Amino acid sequence: MPGLDVRFQKSDMYLMKVQQLVLFVFACLISLQANAQMYMITDFGARADSTVLNTKAIQSAIDECFNKGGGEVGIPAGTFRSGTILLKSNVYLRLLPGAVLQGSYNPADYPEHPIAWAQKYGTITHDGLYVETMKALVIADRAHHTGIVGQGTVRGAGDGKAFQLGLNKDGKPKNLFFVGCSDILLRDVQVQNSAQITISISGCDKVNIDGITVQSLANWNCDGMDVDARDVRIANCMIDSEDDALCFKSEYLSRFCENITVTNCVLSSLCNGIKMGTGSRTGFRNISISNCIVKRSSFNGYRHWSMPSDIVYQPELQSVNTGIVILGVDGGLVENINVSDIVMTDVISPIFIRVGRRFLTPDQKTSAMRHITIQNIRAESRSTIPSIIAGLAESPVEDVRIANVRVSVPIAVPAGSLSRIPVLIPESQKGYPENRLTFGTWLPASAFYIRHARGITMTDIAVWQPAIEARSAFYTDDARNVRLTNVTINGNQLKEIKNGLVKKDSESVTIRE
């Protein structure tokens, strides 16, 4: 397969150029934001008093700053309660040390903000429809050169009784929502306690997120960051979230989520650490993620999976669902994705790659996925559900390279339980794509399950699992041109292990030392 290696080299070179361009753009952005004039919210009547709602005072400061040509709106030390505020172009919110922008606990203080103009698709509560309105503590709508910086905190009201509405429910405000914006800067602040997605960047361009700390464990659907944007740099962030930690979305037609670098982040989740999807309308391309840690969240108040002990080791301890998730299920294209140097612990599965047919309508094409590289991974798994690479028969996953991966699993399927694995593995094409839902929890592979795939290269893979494991380590179904090189199970070369690889309806599947 020499041609495949050349394509990967070209893809990697292109991603390096993307990284260089993104860094240059944001160096310019930070330079422009320096030395800005500051408007203190206390000069406009804001008070650090829990009985005072400061929405009007803060908005007045923002409006004055905007009308005078831009600058910074300063929030001093103290806790300032507020409802929805609207950031504007050339205006940055600066949280000084000890400052807390506290979201109101009154739902009436978060009016519905109209965003129908954006033609943004929803993914959960607005399935298949444009989102008409949005609620958030801080909103920026079609603004440019704006953001939030400083050493203070934006704290939502997610723990409030009025917002405890359950899973996938409307009516809960995000903490930060940027839509249709450009040249966004989020730097150094803490963002906490959201009632829904904590930081949402939707349909934006030129986004720089650096040194942000997210802790959002007080409600359902509290993703740490959701990003649907172009030309993005995310670095040095700490995310501790109830839902997906870092999630990329593609919720617009004819607009890719693309040209993105992520590095040096700690991602804690009760769902998925790094995810592309579920929303994947146009797709994802040219994304590089490196040097990150994925682990379970510090607290679990909501997601108590009812997983049996023969599937999950110590199921009473919450796990990350999947470390790395890459999805194309809504008709979009996914290509040129590079994920490297990731350490993950307490995951149900390390990797889940899937092409599906979730929201397809007759006039939409099927999603496609190609040119994916995942390398230098250390994973501690806690379940018998393997990593999965799966396309569709009409749209197989293509050109995936996985290299230098070490996986340890403390639980196994013994010979006496093999009868529980279905002869025909079910495949949910239109259901919600997830490692434990798409094919069920009983799969015939312990390490990698590969289905509807073409051109899969796996090099330097080491799996450590209990000796009683009776399944094959690798299982291919409708796969072509799969090459396994230097793959070991408990230190033994794969080709020396009886039934180490099982092939079903597959061609050109080879093992090399």
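Residues of segment 290-315 that are surrounded by 24 or more Cβ atoms within 10 Å (Cβ to Cβ) and either aromatic (F, W, Y) or within 14 Å of the chain's Cα centre (by Cα) (or both): C292, V294. Going through segment 224-268 one residue at a time, which ones are within 9 Å of the chain's Cα centre (by Cα), of a type in the set (D, E) and in a strand (DSSP E or B)? Of everything in segment 224-268, just one residue is within 9 Å of the chain's Cα centre (by Cα), of a type in the set (D, E) and in a strand (DSSP E or B), namely D226.
All of (1) modelled with pLDDT under 95; (2) surrounded by fewer than 22 Cβ atoms within 10 Å (Cβ to Cβ); (3) not polar (S, T, N, Q) hold for A393 with one exception: (1). Filtering A27, A34, A77 for residues that are small (G, A, S) and either touching a helix residue (DSSP H, G or I) at 6+ places or on another chain (Cβ under 9 Å) or at pLDDT 60 or above (or both) leaves a single hit, A77. For segment 154-191, the tally of residues that are farther than 17 Å from Y110 by Cβ and in contact with a strand residue (DSSP E or B) (Cβ under 7 Å, 6 or more places away or on another chain) stands at 11.
Tell me yes or no: at least one residue of segment 150-166 is touching a residue at least 40 places away in the same chain (Cβ under 8 Å), of a type outside the set (F, W, Y) and touching a Cys at 6+ places or on another chain (Cβ under 8 Å). Checked segment 150-166: at least one residue is touching a residue at least 40 places away in the same chain (Cβ under 8 Å), of a type outside the set (F, W, Y) and touching a Cys at 6+ places or on another chain (Cβ under 8 Å). Is at least one residue of segment 478-496 out of contact with any Ser or Thr (no Cβ under 7 Å at 6 or more places or on another chain) and at pLDDT below 95? Yes, that holds for at least one residue.
No other residue among T133, T213 is surrounded by fewer than 19 Cβ atoms within 10 Å (Cβ to Cβ), more than 23 Å from G279 (Cα to Cα) and of a type in the set (S, T, Y) apart from T213. Of the strands (runs of 3 or more DSSP E) lying entirely inside segment 70-112, those containing at least 2 residues that are touching a residue at least 12 places away in the same chain (Cβ under 8 Å) and surrounded by fewer than 18 Cβ atoms within 10 Å (Cβ to Cβ) are 78-82. Looking at (1) over 19 Å from V463 (Cβ atoms); (2) of a type in the set (A, V, I, L, M); (3) in contact with a Pro (Cβ under 6 Å, 6 or more places away or on another chain), which is the only condition A379 fails? So A379 meets the others, but not (1).
Total residues in segment 377-411 satisfying the condition of being assigned to a strand (DSSP E or B) and free of Cβ contacts under 8 Å to residues at least 60 places away in the same chain: the figure is 16.
Going residue by residue through segment 183-194, is there one that turns out to be acidic (D, E) and closer than 26 Å to F256 by Cβ? Within segment 183-194, one or more residues are acidic (D, E) and closer than 26 Å to F256 by Cβ.
Q318 - would you say it is touching a residue at least 24 places away in the same chain (Cβ under 8 Å) and either on the phi > 0 side of the Ramachandran plot or not polar (S, T, N, Q) (or both)? No, not satisfied.
The values are calculated or read from the model by the stated rules, or taken from the named source; none is laboratory data. What you see is a predicted model; the values in this text were computed from it and never measured. Cβ sites come from the backbone with ideal geometry, for glycine too, and all protein chains shown count toward neighbours.
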